[in-house]
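Down below is the structure, laid out as structure tokens.
Where a number appears in this text, it was derived from the coordinates with a stated rule and is not lab data. Quick caveat, the model's predicted, so the values are computed rather than measured. Here Cβ is always computed from backbone atoms with ideal geometry, including for glycine, and neighbour counts include all displayed protein chains.
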């Protein structure tokens, strides 16, 4: 009997541990950030780009500060219990919100995020982000967590994280949510690739944003099931305006991938 009781107790403890490690719905809302985005982000008519009303953000900076504090209040233990989609949505929102805060620290005295700091890339190395009880940089958030953690493996994040430049994919006018993240990322990718000022075919050459050069490994290392940049671009061939013959040419190498210019000008509504 004692042996049976011991087995029952061990089973109960195991179930308790399993339940504790299970995914939980996050007790967290991005509504504050969502409200700011809907007010101060202006999408182009075709949805391929957006401009940001930084003056409006500045007037509502206390609300932005409230959201940043809400982000900082989330513990790593609680975060790790969420689904991966909720985790990724949280990190993307955090990156974009802190980028806006970084711009507001200098606005209107800058024409590009690259004007911040003395050395190239300094803006992304400033330890301004507060998450999980520590200070970190935007680079830490993107490269060490969003890209670096061995859990997301999502190439489409490059159409969601926003670097405050015109050349960057549009800052969304809605906050990201785990429940809709896949659809949001897919829509972002298609809208960005539809922009013929950045992505276009000329004869046997396909010009795409330099984002694909900088982060090429994310599009060819199996993330999202893609083993090559050509395969990713062919998947979105319709958005790129490619015919079936051109998509086949892309996969065979007959169509070469080249890279367009990147506009680092600030994505301000009134540049």
Given 20 °C, 1.002 mPa s and a Kirkwood radius over Cα pairs, the Stokes-Einstein diffusion coefficient of the range 161-271 in µm²/s is 144 µm²/s
Per the rule of 0.36 nm per residue minus the C-alpha distance, extending residue 128 to residue 197 adds in nm 21.6 nm
Measuring from the longest principal axis of the C-alpha atoms of the chain, the long axis of helix 31-40 (C-alpha) lies at a number of degrees, nearest 10, equal to 10 degrees
From DSSP H assignment alone, runs of 4+ in the chain each adding -39500 (n - 2.57), the sum over residues rounded to the nearest 500 puts [θ] at 222 nm at -12000 deg cm²/dmol
Going fewest to most other Cβ atoms within 10 Å around each Cβ, 195, 46 line up as 46, 195
One quarter of the C-alpha convex hull surface, i.e. the mean projected area of the range 211-263 in nm², amounts to 3.9 nm²
Here the Cα Rg-to-2.2 N^0.38 Å ratio for the chain is 1.16
In nm, the gap between the two label points placed 7 Å beyond Cα toward Cβ at residue 58 and residue 182 is 4.3 nm
Label model pair residue 243, residue 76: point-to-point distance (7 angstrom along the Cα→beta-carbon line) in nm is 5.5 nm
Here the Kirkwood hydrodynamic radius of the range 145-214, Cα-based and in Å, equals 13.4 Å
Computed over the chain: longest principal axis from alpha-carbon atoms vs helix 181-193 long axis, angle to nearest 10 degrees, is 10 degrees
Taking Cα atoms, the helix 61-72 axis meets the longest principal axis of the chain at an angle in degrees (rounded to 10) of 50 degrees
